[in-house]
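Below: one structure, written as structure tokens.
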Amino acid sequence: MVLNSEEGGEGAGEGGDAAPPTPRHHHSKHQLKYGELVILGYNGYLPPCDKGRRRSKFVLHRRPGANGVKPARHYVVRTPQNTQAILDTQQHSISYTLSRNQAVIVEYQLDSETDMFQIGRSSETPIDFVVMDTIPGDKHGEMKVTQSTISRFACRIIAHRTTRTTQVYAAGFDSSRNIFLGEKATKWQNNGEIDGLTTNGVLIMHPPTQFCGGEARPGIWREVSVGGGVYALRESRSAPQKGNKIEEETDVLQDGTLIDLCGATLLWRSAEGLGKSPTKRHLEQMVDELNAGRPQCPVGLNTLVIPRKATLTSTEKQPVVYLNCGHVQGLHEWGHEKDSNSHTCPMCLKVGPVVKLCMGIEPAFYVDSGPPTFCFNPCGHMASEKTVRYWAAVPIPHGTNGFHAACPFCASPLEGDAGFVRLIFQDNCD
């Protein structure tokens, strides 16, 4: 696997006696880039150390040598655990258990035209990108979830080395290069082919319009199968009955496709799409331009400074926004009700909560290059108007069968009628 590693470091595996992993190499500027997978809920950095196989975004480059696989043959066996394909750690295979004494084995063979990348919670060597459950809100230091709902080997991405087409499939191959779907797993046979779903499923949402360009709209959530078929959602995340097959849709990733692993949601940005998106430097320049306007606090009469990233300190220069009206001011005690986050805005006298402003600095989440004149409610992450409107309209899977809109920079569920507020600065006063 090839990672884009600005901070350096490569993840070490824990595969035991597993089959040798695909070598991980430092990429060069000349390697072809397929795209990026970005985890929703992180503002450009995954604490405590964004490096190796644990980071907020994963860059997929064409590998030095192909490691993709494709189905070769399938057959019925009585004792799958003793089947040569299962015992051979060099052979990729999927075992679909039909009953206690019958299973279908699908053998896979090397595909010289594709690269494979695997995603999951496991830190074993077959996993290229280690993804843990996303915790909403500010993230400082190590965060752990007591019981994860993300599969250890959640999904795999197959990228065509020439066309750069990328496809997503539920489930990943383990250290013995096997995928097991047990007797209780949802599975079916059709026209001599067999397929199935994983326990909590892998959901995808393709955007019906171009993601970056300002006209982005959310699509419809579907479920992708182990074999790459696209289906309507089940009644609940782990229900035994599969949804209807959506014949006109495929598992081919588009710029802006969302992939949900039941605990973390990933955004796919193609290399072409990222070329049309703002860069981190562009976003930083827009913050500099806002600060160059010398926004003032009307109460403290001091100049405010919008930070590029979250800060833990409370200073008089730190801007806050009144979420019920959008007025931006400094930290002060005027109109503050003791022991609460209820403040009266001195500009319009509306009463409501306030929150520190912070720039949304992860470029992949932006749907245009507009100025950061809006922020999400209740977290205060700033972004362009079209970006906040897009994410406020996207239903992110939550729990077993729920959905809610969330800030892409911190995963906080959005509040208020709109989920965002227009910022009103008192600037250019000199």
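Summary of values
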| quantity | calculated |
| --- | --- |
| Neighbourhood net charge (10 Å Cβ-Cβ; Lys/Arg +1, Asp/Glu -1) for residue 152 | -1 |
| Per-peptide average of other Cβ atoms within 10 Å, ordering 58-65, 416-423 highest first | 58-65, 416-423 |
| Residue list for the range 99-134, given a label point 7 angstrom along the Cα-to-Cβ vector of residue 72 and an amide N cut-off under 18 Å | 104-116 |
| Sequence-separation-based contact order of the chain, relative, with Cα cut under 8 Å and 6+ spacing, percent | 14 |
| Among 172, 253, 218 - extreme Cα towards positive end, dipole of the range 33-276, charges at beta-carbon | 172 |
| Only Lys, Arg (+1) and Asp, Glu (-1) charged, at Cβ; the range 33-276 dipole about Cα centre in debye | 400 |
| Distance in nm between pseudo-label sites at residue 110 and residue 279 (7 Å out along the Cβ direction from Cα) | 3.8 |
| Sparse-neighbour loop sites [trypsin sites (Lys or Arg not before Pro); the range 331-395; at most 12 other C-beta within 10 Å; DSSP] | 338 |
| Apportionment of accessible area to carbon and sulfur, the chain, percent (1.4 Å) | 48 |
| Residue (of 148, 98, 41) at the positive-pole extreme of the range 33-276, dipole from beta-carbon charges | 148 |
| Cα-based helix-to-principal-axis angle, 280-292 vs the chain, degrees rounded to 10 | 10 |
| Rh by Kirkwood over Cα pairs, then Stokes-Einstein D for the range 33-276 at 1.002 mPa s and 20 °C, µm²/s | 115 |
| The chain, helix-only ellipticity at 222 nm - DSSP H runs n ≥ 4, -39,500 (n - 2.57), divided by all residues, nearest 500 | -2000 deg cm²/dmol |
| Simple label model, 7 Å out from Cα along Cβ direction - residue 81 to residue 191, nm | 3.6 |
| Contact order normalised by residue count of the range 280-428, Cα under 8 Å, 6+ apart, percent | 22 |
| For the range 341-366 and the range 56-112, distance of Cα centres in Å | 51 |
| Neighbourhood net charge (9 Å Cβ-Cβ; Lys/Arg +1, Asp/Glu -1) for residue 131 | +1 |
| Whether the range 280-428 is rounded, prolate or oblate, judged on the alpha carbon gyration tensor where a/c under 1.5 counts as rounded | oblate |
| Summed side-chain charge close to residue 385 - residues other than residue 385 whose Cβ falls under 12 Å, Lys, Arg +1, Asp, Glu -1 | +2 |
| Of 296, 367, 326, farthest towards positive along the dipole that unit charges on Lys, Arg, Asp, Glu beta carbons give the range 280-428 | 367 |
| Rg ratio (alpha-carbon, reference 2.2 N^0.38 Å) - the chain | 1.08 |
| Sequence-distant residues sharing a close amide H with residue 404 (under 5 Å, placed H) | 396, 398 |
| Estimated dipole of the range 315-430 in Debye, rounded to 20 [Cβ of Lys and Arg +1, of Asp and Glu -1, Cα centre] | 160 |
| Over the range 33-276, relative contact order from alpha-carbon pairs under 8 Å, at least 6 apart, % | 20 |
| Point-to-point label distance, residue 89-residue 167, nm (Cα→Cβ direction, 7 Å offset) | 2.9 |
| Principal axis dimensions, largest first and in whole angstrom, of the range 79-214 by Cα | 50, 40, 27 |
| Extended-chain gain in nm, criterion 0.36 nm per residue less alpha-carbon gap, residue 342 and residue 236 | 34.4 nm |
| Dipole in debye (nearest 20) - the chain, about Cα centre, beta carbon charges: Lys, Arg +1; Asp, Glu -1 | 520 |
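The values are calculated or read from the model by the stated rules, or taken from the named source; none is laboratory data. Everything numeric in this text was worked out from a predicted model, so none of it was measured. Here the Cβ is made from the backbone with ideal geometry for all residues, glycine too, and neighbour counts use every protein chain on show. We work out accessible area using only protein heavy atoms, side chains counted, and drop any ligands, DNA or RNA first. Shrake-Rupley method; radii C 1.70, N 1.55, O 1.52, S 1.80 Å.
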